[in-house]
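Okay, so here's the structure we're looking at.
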Protein chains: 2
Amino acid sequence: MRKLAEHNIPLREASITQVHSVLRDGNPLIVHTSMFANALASLANPKQQQQWVPLAEKNRIIGTYAQTEIGHGTFVRGLETTAIFDPETKEFVLHSPTITSTKWWPGGLGKTANAAIVMAQLYTQGKCYGPHPFFVQLRDFDTHHSLPGVILGEIGPRLGINSQDNGYLRFDHYRIPRTNMLMRHSQVLEDGSYVKPIHNKLSYGTMVWTRVAIVHSCSKKLACAVTIATRYSAVRHQSELVPGKPEPQILEYQTQQYKLLPHIASVFAILFSASSVLRMQRNVAASISKGNVELLPELHILSCAMKALSSQDSTQGIETCRLACGGHGYIASSGLPSLYTSTTCTITYEGENTVLLLQVARYLIKSYRAGLEGLPVLPSVMYLTAPSAMHQSPPLSNQALIEAFRISSANLVKETESRLCRQFNLEQNFHYAWNRCSVALVHCAELHSRYYMCEKFLSTVESIRASDRVRSVLQDLCRLYLIHHITLNQGHFLRSGTLSGVDLSTLEEEMYELLAKLRPQAVPLVDAFDFRDELLGSTLGAWDGRVYERLYEEAQKSPLNKTDVSKAYHKYLQPLMKSNL
Amino acid sequence: MRKLAEHNIPLREASITQVHSVLRDGNPLIVHTSMFANALASLANPKQQQQWVPLAEKNRIIGTYAQTEIGHGTFVRGLETTAIFDPETKEFVLHSPTITSTKWWPGGLGKTANAAIVMAQLYTQGKCYGPHPFFVQLRDFDTHHSLPGVILGEIGPRLGINSQDNGYLRFDHYRIPRTNMLMRHSQVLEDGSYVKPIHNKLSYGTMVWTRVAIVHSCSKKLACAVTIATRYSAVRHQSELVPGKPEPQILEYQTQQYKLLPHIASVFAILFSASSVLRMQRNVAASISKGNVELLPELHILSCAMKALSSQDSTQGIETCRLACGGHGYIASSGLPSLYTSTTCTITYEGENTVLLLQVARYLIKSYRAGLEGLPVLPSVMYLTAPSAMHQSPPLSNQALIEAFRISSANLVKETESRLCRQFNLEQNFHYAWNRCSVALVHCAELHSRYYMCEKFLSTVESIRASDRVRSVLQDLCRLYLIHHITLNQGHFLRSGTLSGVDLSTLEEEMYELLAKLRPQAVPLVDAFDFRDELLGSTLGAWDGRVYERLYEEAQKSPLNKTDVSKAYHKYLQPLMKSNL
């Protein structure tokens, strides 16, 4: 924070990089500097921004974003907190009518924040207009005491990120001025009349921004994990590759290479796809400023797809890295447990992955049907009704594999759409039919998203400016990524007829060759991520490889090691050992 | 412990059930009552047992099992701790020559145990005979102080099970009597001469026993997780299945059914396979007592396979259940985080899964080659060279699916063996060739093991004594399990030609029907696991469904909620908020 001020960096611009470098076990100010600042900028009108943004930048106001309730997450329209306009006093009355309406989860809400942007059901002139954002002071700006009518606290221990004070919040007929409604898009006038927003979807902006930030942070966490596990695998010697010979580095084992190298590749795949979404976001922002919102759904869907896949991939990748370090990966000082516990939550927050993938699927089905009817569809989904033929590229070349992906994805969407039609004929209700097909629909969304990531990885590597040697390593990594994900999804390729069993055997053989070829690059690749030891915070992953000494030294710090005989001995163990049972 | 004494249950018999009911966050006495007791029984000779077992049963001795070293896990022959026989004093001198030879991990070693069975390289008459077990006193039996020459402590915080005091241990030329070597199998006589064991593999017993105990405990943990997630999914209402209609129970969503029901099935699959391994263990024990050790390798391999698959399945299943509860699954009071952190370690301990699966694969390849040469092979792998034909059973019947599994597994072993031969021709070294095929070999082991589990699930359900209604539900669960695992492994079935793309579509359709059919059984099924609320320890999974009230009540207990304004405000936040940066 001090650094930002010294370098005169505005809060909002700083926040996307801040999300990257956040302490892994959570920072109580992170929501203040990222979501709160961002939401204020996009939801408050200019006058409101003038009023609150300077105070937020000077940390007089420390804010959080209170949307989720204990009984309501994904489905924002289901929120129960009410904001009823009282025309007499020109105030909104905030109230939590039920236990399920308790705001729950916001970071920093428990003890840190003194204000929040609160989403509540807006009622005026006897009518409900759905959830709207309000700026709400929660604590006295001088004493930090919670204000009357505001009941709040911390939600208790969690799997990880326990240095963040996630909080809960209830209102008891708590009054705020009318002008605290964030009025950039909708307004309630003094007489209580409601003015609706010009465009419904403009508030997508914050969500897209937050999701791209998550994708970036996922790639960074995964990069930390592969750095730790790869370095450890070069230090650890175990078992005999050849009986009687010295124990080799465990990185010599193909099974270990298979656990690590695809996830090193995954870091690049996530980063490159995120960059492409960011580029699109800039284009869309430029179009919107010219009044063109046409590309907004495409951006929204891609941000959903990337958030879902990258959170899944990085969580699984980190866990694979942790397990690849054997027992030592279970020790907190390895750094791997907190990487896992602080990344797995990205699967759930800012749109639960299954829900996001079903939104992607809805877009795929809609676009497929539009394409069939000859209606215009947006670029990323044109292939669904016009997949290119297979024979244009040399067999099993990168381009051929991307085509196989495209055809398999189009094929899966087509089959699932037929299934949806059949279900609709049975159920006579689109929503029931949709639900009955939803597992298959999630598969569609996953395959399409994976295709997008593979395509972005490949096109980036092909256009990257780098030395021949660097490019060659990146090409190998990209090839490994393509083949690895094809083998993981081989059923789709076999069923679409784009690859045969023999093709897959050939690709598998090539994948094993690539593992051996890339093995000498593993340590240089993770060194190139260039994490300082202080940031990695790992006994297993430090640059100098002093693994066992560091583990032993860290163990000495255990509170239990302060005395030879622990208190528990006298209290519990001695009576048990001396009893005559 | 008191209960055992009251009911006069010997320590060793109690331990397998004890492993089940262990507190989830770890019990410092668990290694004493399970592995230590078991190892003493199987490694000590009768005289030694007379000396130590009564003391262990009365808890005068509290023991642990110290094998793993900080630099040596899986590869026992690589252990560095030495036990050098001194014929002058008739003592062994235990020593830790390097930092990597530090004993590391044993449960209870840090502060609880006063003795350990220590595995060390036995040297006598100038020759090394490899790792052997020794009974070693570590702490004074009266004062509990660590003894001179023994350096020990706790290894520090971990991802989970932090109420267990996992420890480290070093010896500085520490002397123990010759008679402390556990001499049931090998001996060192007074003059220092070494007597080797009659049968090398008899010490497998403890490992098999421990692995079966792990399999049982995995099924129990998974059962807890599905109970919590299923009950929560019946309480939680979210989103709109049909626009405008009330929010349904999330268990109505097919994607949620798909997350939970296959794991409910998995509990049964793991339990039934474990029972079959236990039955085999009893048979093998009976045979061994008649001097027949022929079936021992089969038992060893099956216990490896079951430990690997059940630890993997239960860990992934618990995590799927946790994520299926959305954000609330991340809260400690849900019980799900500790179920995960206490189960994931079973992937690593008592034989790391990849290592175990490669042992299974070695057995498969060996048996396949033996079968080809007409040599006798053991029952579980006869199918590799004599798979039954496909056409004997009605298409897509359970029996046909099991046959498809068998043929696909045999096919994969056959292809991998050919690959191994090709690699051998290239490398001219079996071990390098083996390593170059090891990812494929792991796949062989996984498919074979999955086939075994499916087969045991089916044969148990077919022979179970139950009412028609109960049997019918179990049959549906078993069918779901079969189809689910076939879809997950569909590449193998398509490539072996046992199932076509159309078959798979038909099976998928049936799977979706089964999800809908089993949905009303979900809550009764988990209720039937009959966990008391006290054992589940979950705000989300309690029997009465008071989810939100319990979450809110638990939150009040957070230490941060003792005061409205926290200390951290005065110490850190106020200076930041009032500063002029």
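The values are calculated or read from the model by the stated rules, or taken from the named source; none is laboratory data. In this text the structure is predicted, and so the values were computed from the model without any measurement. Methodologically, a virtual Cβ is constructed for each residue, glycine included, from the backbone with ideal geometry; neighbour enumeration extends over all protein chains shown. Side chains are part of the model used for accessible areas, which takes the heavy atoms of the whole protein and leaves out ligands, DNA and RNA. Shrake-Rupley method; radii C 1.70, N 1.55, O 1.52, S 1.80 Å.
With just the Cα atoms defining each centre, how far is region A:431-497 from region B:513-581? Give it in Å. Value for the Cα centre distance between the two parts: 37 Å. Taking amide hydrogens as placed 1.01 Å from N in the peptide plane, the amide H of residue A:120 sits under 5 Å from those of A:132, A:134, each at least 5 positions away in sequence or on another chain. For chain B, list log₁₀ I(q)/I(0) at each q in 0.06, 0.13 Å⁻¹, using the Debye formula over Cα point scatterers of equal strength and ignoring solvent, two decimals each. Ignoring solvent entirely, the Cα scatterers give -0.38, -1.40.
Sorting B:109, B:271 on solvent-accessible area from highest to lowest, probe radius 1.4 Å, gives B:271, B:109. Each peptide in B:242-248, A:497-503, A:539-545 receives the mean, over its residues, of other Cβ atoms within 10 Å, and ordering these scores from highest gives A:539-545, A:497-503, B:242-248.
Helices in chain B that qualify as membrane-span-like (whole DSSP H runs, Cα extent of at least 20 Å along the helix axis, mean Kyte-Doolittle hydropathy of 0.5 or higher) are B:204-235, B:353-372.
Give the total of Lys-Lys pairs in region A:2-198 with Cα-Cα distances below 22 Å; include a pair only if its members are 8 or more places apart or on different chains. For region A:2-198, qualifying lysine pairs total 9. Protein-only accessible surface at a 1.4 angstrom probe places the residues B:172, B:564 in the order B:172, B:564, largest first. The GluC sites (Glu not before Pro) of region A:77-150 that meet both conditions, a loop assignment by DSSP and at most 11 other Cβ atoms within 10 Å of the site Cβ, are A:88.
Taking every residue in A:486-497 and counting other chain Cβ atoms within 10 Å of its Cβ, the average works out to 4. Principal axis analysis of the Cα atoms in region A:378-527 yields extents of 59, 32, 30 Å, listed in decreasing size. For region B:2-198, the relative contact order comes to 23 percent (Cα pairs under 8 Å, sequence separation of at least 6). Taking other residues whose beta carbon is less than 10 angstrom from the beta carbon of residue B:378, and scoring Lys, Arg as +1 and Asp, Glu as -1, yields -2.
The residues neighbouring residue A:433, those whose beta-carbon lies less than 10 Å from its own, together hold a net charge of +2 under the Lys/Arg +1, Asp/Glu -1 convention. Provide the net charge surrounding residue B:505, with neighbours chosen by a C-beta distance below 11 Å and charges set as Lys +1, Arg +1, Asp -1, Glu -1. With Lys, Arg at +1 and Asp, Glu at -1, the neighbours total -3. Straight-line cross-link partners of residue A:456 among the lysines, defined as a Cα under 19 Å from its Cα and at least 8 positions apart when in the same chain: A:220, A:307. Helical runs (DSSP H, four residues minimum) scored at -39500 (n - 2.57) apiece and divided by the length of chain A put the mean residue ellipticity at 222 nm at -17000 deg cm²/dmol. Counting only heavy atoms of the protein chains and using a 1.4 Å probe, residue B:150 has close to 10 Å² of accessible surface. Of all aspartates and glutamates in the structure, the ones whose alpha carbon falls short of 20 Å from that of residue A:562, not counting any fewer than 8 places away in one chain, are A:549, A:553, A:554, B:140, B:154, B:165. Shown is the FRET efficiency for residue A:513 and residue A:431, computed with R0 = 60 Å from the Cβ-Cβ distance and rounded to the nearest 0.05: 0.75. With its label point defined 7 Å out from Cα along the Cα-to-Cβ axis, residue B:191 lies at 11.6 nm from the matching points of the other copies, in increasing order. Sorted shortest first, the distances from the residue A:140 label point to those of the same residue in the other copies are 5.7 nm; each point sits 7 Å from Cα along Cα-to-Cβ. In this structure the amide hydrogen of residue A:109, modeled in the peptide plane, comes within under 5 Å of the amide hydrogens of A:167, none closer than 5 places in sequence on its chain. Across the identical copies, the 7 Å label point of residue A:543, projected outward along Cα→Cβ, sits 6.0 nm from its counterparts, in ascending order. Sort out for me the Cα centre separation of region A:294-337 from region A:93-112, rounded to whole Å. Comparing the Cα centres of region A:294-337 and region A:93-112, I get a distance of 29 Å. Counting, for every residue in A:321-331, the Cβ atoms of other protein chains within 10 Å of its Cβ and taking the mean gives 6. Rounded to the nearest 0.05, the FRET efficiency derived from the C-beta distance between residue A:375 and residue A:459 at R0 = 25 Å is 0.40.
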